[in-house]
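Notes follow once the structure below has been shown.
The values are calculated or read from the model by the stated rules, or taken from the named source; none is laboratory data. The structure presented is a predicted model; accordingly, all values stated were derived computationally and were not measured. Here Cβ is always computed from backbone atoms with ideal geometry, including for glycine, and neighbour counts include all displayed protein chains. The accessibility values were calculated without ligands, DNA or RNA, using every heavy atom of the protein model including side chains. Shrake-Rupley method; radii C 1.70, N 1.55, O 1.52, S 1.80 Å.
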Amino acid sequence: MRVGIGLPNTTPGADGALLLEWARRADAGPFSTVAVLDRLVYESLEPFATLAAAAAVTRRIGLATMIAIGPLRSAAMLAKQAATVNSIAGGRLTLGLAVGARLDDYQAAGVDHRGRGARLSEQLAYLRGRCDGLKVPLLVGGNSGAALLRMARYADGYAHGGGPPRAFASAAGKALAAWHDVGRPGRPALWGQGYVALGDAERGTAYLRDYYAFTGPFAEKIAAGCLTTPRAVKDFVRGYQAEGCDELILLPTVSDVHDLDRLAEVLA
Amino acid sequence: MKVTVLGAGPAGLYLAILLGRAGREHEITVIERNQPDATFGWGVVFSQDSLAALRDADYPTYTEITDTFARWDAIDVCYRGRVLRSRGHAFSAIRRTLLLDILQRRAAELGVTLRFQVDVTDPSTLHDADLVVGADGVNSMLRRADAQAFGSVLRPQGCKYVWFGTDLVFDAFTFVFKPTEHGLFQVHAYPFDEQRSTFIVECREEVWRAAGLDEASEADSIAFCEKLFADELAGHRLLSNRSLWLNFQRVQCASWHHGRTVLIGDAAHTAHFSIGSGTKLAMEDAIALADALERHPEQVPAALVEYELERQPVVERFQQAADTSAGYFERVAAYTRLEPVQFAVNLLTRSGRVSHANLTLRDPSFGRAADAWFAGRGTAIAAPPLFTPLRLAGAVMPNRAVVASRVSDVDGVAGAGFGLVLTQLVAVCPEGRVSTSTPVVSTVDWPALVEAAHAGGALLAVQLGHAGARGATRPASFGVDVPLPAGEVWPLVAASAVRYGPYSAVPRPLDAAGMARLCSEFAAGAALLAEAGVDLLELDLAHGRLLAGFLSSLTNHRDDSNGGGLADRLRFPLEVVSAVRSSWPADRPLAVRLTVADWVARGGLTVVDGICAARALASAGVHLVHVEAGQSVAEEPPSYRRGFLTELSDRARNEAGVPTLVGGYLTTIDEANTVLAAARADLCLLTLDPVAAHGAAGGGAG
């Protein structure tokens with residue numbers, strides 16, 4: 001299993017300087033990938049622009065959206081952005097897409113929230129079949145049967161939304177079932193993710209409560225799942241590895257580059 | 001901390017005990033609407049694995065509870081005048097009033113305030129507490145008061161049931177199945193002390209009405225049941241304790257806490273009584289909540305989140321098993337065609353928590369007898385079901401393991417040990433290809449493949465079909481339903497002009513001439529395969545391809561005789577079956593790969609449609625139905641998990657009376673043995689890496 005790290009593009013106070021420094025250190029550290037989240041309404045940096053900048057200051061590390069909310073963009077625009085980042089990065093991009101969970105992002109983008117699943121399918125069909133230049137691995141996220149079917153039909157892998165290893169295992173089993181149901185050969189790449197706050201746990205969990213406030217009581221559960229000790233990170237990594245995860249992205253919750261160093265130390 | 005617990009059932013009392021013994025300065029009050037000795041129901045069951053948790057949580061109550069336990073390790077299945085016994089299940093049970101008495105005494109001893117006959121109807125009167133615990137059961141006042149915040153969903157589940165006691169002491173968990181002129185009745189009975197047993201009677205609602213039980217008094221119901229089960233009761237009586245016919249209420253909550261209020265036990269969730277886990281789950285909730293509060297002193301919100309994170313996934317698994325079990329007892333009349341041994345295996349494995357291997361491990365002689373019965377040779381020992389030959393028409397498959405293979409891989413897969421190698425789709429004509437890599441039936445060297453399969457000890461099955469609206473796509477390694485570039489697409493045909501996926505071409509509806517040509521192409525393909533010695537022919541009537549496009553009303557909008565009701569939509573597929581039968585030898589098995597149900601909520605195939613279709617195909621001479629679901633249209637919401645097609649296969653097999661082949665992501669030998677032993681299918685398509693499996697074998701004893 002490879003372990004990647006999130007770029008802090010949605011944590012409070014993150015700016016360009018921090019993101020570039022973060023990307024440089026990640027490239028020099030024990031990480032396979034830097035990944036970004038995507039939220040339109042929340043205070044954050046745009047994922048593709050962020051990855052383009054990260055691409056410019058890194059050499060080897062993979063770049064990924066984990067995930068980008070596909071339907072907020074037109075298929076052609078999405079394909080252009082992805083192809084551009086991939087070109088700048090010399091072919092290091094993995095494009096993770098899902099429908100996201102927030103109504104207000106859709107309203108702000110002026111996109112109908114209903115029919116978002118079918119719209120994502122259409123985008124995926126476009127990315128797969130209609131733009132020959134784009135040779136980027138695709139991941140699809142989501143827990144519903146429709147999302148898993150969409151993943152199996154169009155993607156190269158599954159982007160799980162987070163949770164303890166047993167939740168990942170259950171979702172991964174469903175992803176594999178979907179893959180065989182549509183008759184794809186081989187198996188999908190399985191990506192997982194988890195939140196980390198090794199420096200200031202209070203700040204990290206406060207951010208998660210705020211970031212996920214729209215989910216109601218679920219925000220507390222996400223905050224409770226935040227990995228705040230080296231031991232918790234190690235157990236989590238071991239758990240995901242045991243469940244067959246191919247790439248695990250550990251996402252920061254505090255805009256402090258020392259958190260990257262702390263994580264690098266734990267993983268070393 | 002001031003804790004108010006509403007409800008003095010096992011969950012509430014046990015939590016009060018655990019908090020009371022924690023040694024902290026908790027002020028704990030348990031409030032109960034009823035009197036201390038009032039209770040509903042008779043005995044409660046525990047399984048062995050729940051006991052260790054009770055021992056570790058509070059040793060004094062553990063010893064008192066287990067001192068009086070009725071213990072047994074057998075399950076008896078009384079069916080068709082026989083009693084089949086399976087051992088090794090390690091149950092125990094206790095009289096519910098005794099359990100409550102032990103818990104009440106222990107709670108009082110630990111300084112818990114117990115207030116009985118206090119009816120709280122307004123949650124705000126409890127708000128001076130730091131923590132309010134809703135242990136107030138399935139009809140929880142606290143849950144109902146904040147139904148939206150808890151996200152509670154209630155629905156009736158399963159059969160009508162009534163909860164009696166009896167002075168007959170059973171020596172096993174006893175299931176009785178009793179056919180009557182009104183329909184099937186069944187009993188779940190188990191001992192709970194040295195004098196009495198619980199005796200639950202259930203039946204479907206229409207059976208209950210037909211028997212007049214909807215208008216019967218309590219005494220009439222008892223008289224009816226005593227008469228019906230006179231043999232099993234052997235002169236003993238049924239005892240009533242407010243024993244009314246009920247519907248089981250399934251309770252599920254998105255959140256188990258809200259502010260300072262937390263739900264435990266039946267207030268938060270129920271699991272159908274037929275898996276006997278309600279009290280166990282309730283007491284485990286109490287343990288988890290007490291532990292979380294101990295780990296987070298002075299931090300009630302964090303403790304409640306942790307409690308919920310720990311318990312919800314566990315309870316969800318039990319609820320899923322309970323749903324399956326409740327569904328089984330609703331449909332059990334469909335299984336009464338099964339022979340007693342298989343009926344018993346089917347019953348014991350109904351919820352997915354007990355497998356063929358578990359049964360064999362728990363009771364080796366039962367497992368051996370079931371395997372020997374399955375093999376049907378009258379021997380004392382036999383290979384497990386997956387390795388038992390199957391005769392279909394004139395063919396004998398050496399075992400029941402099926403592997404799917406690309407035509408080009410048949411050679412490599414043949415010697416891997418599977419009894420049947422089933423090719424992926426082979427097109428009847430070039431226009432019927434899925435992609436450019438789909439073989440056309442007339443272009444393959446079939447005799448060579450048959451020889452390769454036979455040399456490896458397998459039979460060869462060919463899936464013959466036409467991609468219909470799902471044709472002209474890129475190879476599956478690239479994705480599915482991704483159309484070829486515009487210049488390379490060939491014209492598509494289908495039942496109606498319904499585009500399959502985004503950017504797919506709109507197919508042309510088949511006209512009469514096209515249908516006639518297709519029939520003859522299928523017949524010619526079948527003749528060619530027959531001539532080459534292919535062992536089994538499978539026609540593709542699944543997943544939205546051409547023939548399936550006729551079957552589902554999502555894709556069949558025709559206004560001729562091939563559109564409309566199910567019988568009309570089946571007309572053309574049946575014509576194809578008939579054309580194929582004219583050129584396929586009668587002694588070789590003919591299978592159909594069939595979408596038995598769509599996943600969409602409205603407008604697609606229902607399971608009942610699928611069962612009708614399976615029945616019609618069987619009457620048309622089809623020997624085997626390969627069960628599939630969904631994909632009639634691109635955007636369906638399937639319910640994926642391991643063995644996600646097993647229940648559909650079970651229903652098709654046992655309600656349409658046709659042998660089935662099922663896949664649905666079966667990945668282990670044990671899963672397959674369980675499916676076969678329990679009569680849920682006759683052949684299993686395993687999802688394994690056949691090359692790796694073969695390689696491992698070759699590297700071993702080879």
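Kindly indicate which of A:ALA17, A:ALA76 is within 20 Å of A:GLU122 (Cα to Cα), part of a helix (DSSP H, G or I) and open to solvent by 10 Å² or more (accessible area, probe 1.4 Å). Spell out the reasoning first.
Values: A:ALA17 fails: within 20 Å of A:GLU122 (Cα to Cα).
Among A:ALA17, A:ALA76, only A:ALA76 is within 20 Å of A:GLU122 (Cα to Cα), part of a helix (DSSP H, G or I) and open to solvent by 10 Å² or more (accessible area, probe 1.4 Å).
Anything in region A:208-249 that is out of contact with any strand residue (DSSP E or B) (no Cβ under 7 Å at 6 or more places or on another chain), without any contact (Cβ under 8 Å) to a residue 60 or more places away in the chain and not in a helix (DSSP H, G or I)? List them, or say none.
Selection gives A:TYR212, A:GLY216, A:PRO217, A:THR228, A:THR229.
Considering only region B:35-43, I want to know if a residue exists there that is more than 27 Å from B:VAL169 (Cβ to Cβ), in a loop (DSSP other than H, G, I, E, B) and open to solvent by 40 Å² or more (accessible area, probe 1.4 Å).
The first filter runs over region B:35-43 and keeps only residues more than 27 Å from B:VAL169 (Cβ to Cβ), leaving B:35.
With the extra rule that they be in a loop (DSSP other than H, G, I, E, B), the set shrinks to B:35.
Now narrow it down to the ones that are open to solvent by 40 Å² or more (accessible area, probe 1.4 Å): B:35.
So far as region B:35-43 goes, yes, one or more of its residues are more than 27 Å from B:VAL169 (Cβ to Cβ), in a loop (DSSP other than H, G, I, E, B) and open to solvent by 40 Å² or more (accessible area, probe 1.4 Å).
Do any residues in region A:81-99 that are under 14 Å from A:MET66 (Cβ atoms) and of a type in the set (Ser, Thr, Tyr) have Cβ atoms under 7 Å from those of residues that are outside any strand (DSSP E or B) and open to solvent by 50 Å² or more (accessible area, probe 1.4 Å), where the two are at least six apart or on different chains, and which pairs are they?
A:THR94/A:PRO137
Can you tell me which residue among B:ARG237, B:ARG242, B:ARG196, B:ARG250 is crowded, with 16+ Cβ neighbours inside 10 Å, more than 32 Å from the chain's Cα centre (by Cα) and touching a residue at least 60 places away in the same chain (Cβ under 8 Å)?
B:ARG196
For region B:581-597, enumerate the residues that are in contact (Cβ under 8 Å) with a residue 60 or more places away in the chain and either of a type in the set (Lys, Arg) or in a helix (DSSP H, G or I) (or both).
Correct list: B:SER583, B:ARG588, B:ARG593.
Could you say which residue among B:ARG105, B:ARG85 is more than 24 Å from B:HIS269 (Cα to Cα) and assigned to a strand (DSSP E or B)?
Every option except B:ARG85 fails the conditions.
For region A:97-152, what are the residues that are part of a loop (DSSP other than H, G, I, E, B), small (Gly, Ala, Ser) and within 14 Å of another protein chain (Cβ to nearest Cβ)?
If the condition is that a residue be part of a loop (DSSP other than H, G, I, E, B), small (Gly, Ala, Ser) and within 14 Å of another protein chain (Cβ to nearest Cβ), then A:GLY115, A:GLY133, A:GLY142, A:SER144 are the ones that fit.
Look through B:GLU298, B:GLU310, B:GLU316 and report the one residue that is open to solvent by 40 Å² or more (accessible area, probe 1.4 Å) and over 25 Å from the mean Cα position of the chain (by Cα).
Criteria check complete, one pass: B:GLU298.
Quick test for you: out of A:TYR195, A:TYR158, pick the one residue that is hydroxyl-bearing (Ser, Thr, Tyr), more than 12 Å from every other protein chain (Cβ to nearest Cβ), under 21 Å from A:ARG238 (Cβ atoms) and surrounded by 21 or more Cβ atoms within 10 Å (Cβ to Cβ).
Going through A:TYR195, A:TYR158 in turn, just one is hydroxyl-bearing (Ser, Thr, Tyr), more than 12 Å from every other protein chain (Cβ to nearest Cβ), under 21 Å from A:ARG238 (Cβ atoms) and surrounded by 21 or more Cβ atoms within 10 Å (Cβ to Cβ): A:TYR195.
I'm checking my understanding of the structure. Among residues of region B:560-570 that are touching a residue at least 12 places away in the same chain (Cβ under 8 Å) and over 32 Å from the mean Cα position of the chain (by Cα), which one is surrounded by the most Cβ atoms within 10 Å (Cβ to Cβ)?
B:ASN562
Looking at B:ALA526, B:ALA542, B:ALA513, can you tell me which residue is surrounded by fewer than 21 Cβ atoms within 10 Å (Cβ to Cβ) and not aromatic (Phe, Trp, Tyr)?
Values: B:ALA526 fails: surrounded by fewer than 21 Cβ atoms within 10 Å (Cβ to Cβ); B:ALA542 fails: surrounded by fewer than 21 Cβ atoms within 10 Å (Cβ to Cβ).
It is B:ALA513.
Looking at B:THR63, B:THR121, can you tell me which residue is of a type in the set (S, T, N, Q), within 18 Å of B:PRO10 (Cα to Cα) and without any contact (Cβ under 8 Å) to a residue 24 or more places away in the chain?
B:THR63
Do you know which residues across region B:666-684 are more than 14 Å from the chain's Cα centre (by Cα) and open to solvent by 20 Å² or more (accessible area, probe 1.4 Å)?
Scanning region B:666-684 gives B:THR667, B:THR668, B:ILE669, B:ASP670.
If you check every pair at least six apart or on different chains, which have Cβ atoms under 8 Å apart with a residue in region B:650-661 that is more than 14 Å from B:LEU617 (Cβ to Cβ) first and a residue that is basic (Lys, Arg) and open to solvent by 40 Å² or more (accessible area, probe 1.4 Å) second?
The qualifying pairs are B:ARG651/B:ARG331; B:ASN654/B:ARG337.
Just to confirm my filter: which helices (runs of 4 or more DSSP H) fall fully inside region B:300-384 and include at least 1 residues that are within 14 Å of chain A (Cβ to nearest Cβ)?
Of the helices (runs of 4 or more DSSP H) lying wholly inside region B:300-384, those with at least 1 residues that are within 14 Å of chain A (Cβ to nearest Cβ) span B:300-331.
Considering only region A:57-88, how many residues are of a type in the set (A, V, I, L, M, F, W, C) and more than 25 Å from A:GLY162 (Cβ to Cβ)?
So the answer is 7.
Quick check on A:GLY141: is it of a type outside the set (D, E, K, R), in contact with a strand residue (DSSP E or B) (Cβ under 6 Å, 6 or more places away or on another chain), open to solvent by less than 30 Å² (accessible area, probe 1.4 Å) and modelled with pLDDT under 95?
no
What's the number of the condition B:LEU84 fails, among (1) under 27 Å from B:THR121 (Cα atoms); (2) open to solvent by less than 30 Å² (accessible area, probe 1.4 Å); (3) modelled with pLDDT of 95 or more?
If we test B:LEU84 against (1) under 27 Å from B:THR121 (Cα atoms); (2) open to solvent by less than 30 Å² (accessible area, probe 1.4 Å); (3) modelled with pLDDT of 95 or more, just (1) comes out false.
Since B:VAL498 meets every condition but one in (1) farther than 18 Å from B:GLY603 by Cβ; (2) touching a residue at least 40 places away in the same chain (Cβ under 8 Å); (3) among the β-branched types (Val, Ile, Thr), which condition does it not meet?
Unmet for B:VAL498, out of (1) farther than 18 Å from B:GLY603 by Cβ; (2) touching a residue at least 40 places away in the same chain (Cβ under 8 Å); (3) among the β-branched types (Val, Ile, Thr): (1).
Would you tally the residues in region B:608-644 being under 23 Å from B:GLY465 (Cα atoms) and either more than 14 Å from chain A (Cβ to nearest Cβ) or without any contact (Cβ under 8 Å) to a residue 40 or more places away in the chain (or both)? Show your work before the answer.
The first filter runs over region B:608-644 and keeps only residues under 23 Å from B:GLY465 (Cα atoms), leaving B:609-636.
From the residues that got through so far, the ones that are either more than 14 Å from chain A (Cβ to nearest Cβ) or without any contact (Cβ under 8 Å) to a residue 40 or more places away in the chain (or both) too are B:609-625, B:629, B:635-636.
Total meeting the criteria: 20.
So, of the residues in region B:461-479 that are among the aliphatic types (A, V, I, L, M) and modelled with pLDDT of 95 or more, which turns out to be farthest from B:GLU538 (Cα to Cα)?
It comes out as B:ALA472.
Would you mind telling me which numbered condition in (1) within 12 Å of chain B (Cβ to nearest Cβ); (2) without any contact (Cβ under 8 Å) to a residue 12 or more places away in the chain; (3) part of a helix (DSSP H, G or I) A:ALA172 fails?
Looking at each condition in turn, A:ALA172 falls short on (2).
Tally time: how many residues in region B:350-375 are open to solvent by 40 Å² or more (accessible area, probe 1.4 Å) and modelled with pLDDT under 95?
Matching residues across region B:350-375 total 2.
Restricting attention to region B:591-610, which residues are under 18 Å from the mean Cα position of the chain (by Cα) and open to solvent by 40 Å² or more (accessible area, probe 1.4 Å)?
B:TRP599, B:THR606, B:VAL608
So B:LEU554 clears everything in (1) part of a helix (DSSP H, G or I); (2) surrounded by fewer than 24 Cβ atoms within 10 Å (Cβ to Cβ); (3) among the hydrophobic types (A, V, I, L, M, F, W, C) except one condition, right? Which one?
For B:LEU554, the failing item is (1).
Return the residues of region B:334-349 that are among the hydroxyl-bearing types (Ser, Thr, Tyr) and open to solvent by 40 Å² or more (accessible area, probe 1.4 Å); say none if nothing qualifies.
Scanning region B:334-349 gives a single hit, B:THR336.
Mind counting the residues in region B:430-445 that are under 14 Å from B:LEU528 (Cβ atoms), part of a loop (DSSP other than H, G, I, E, B) and in contact with a strand residue (DSSP E or B) (Cβ under 9 Å, 6 or more places away or on another chain)?
2
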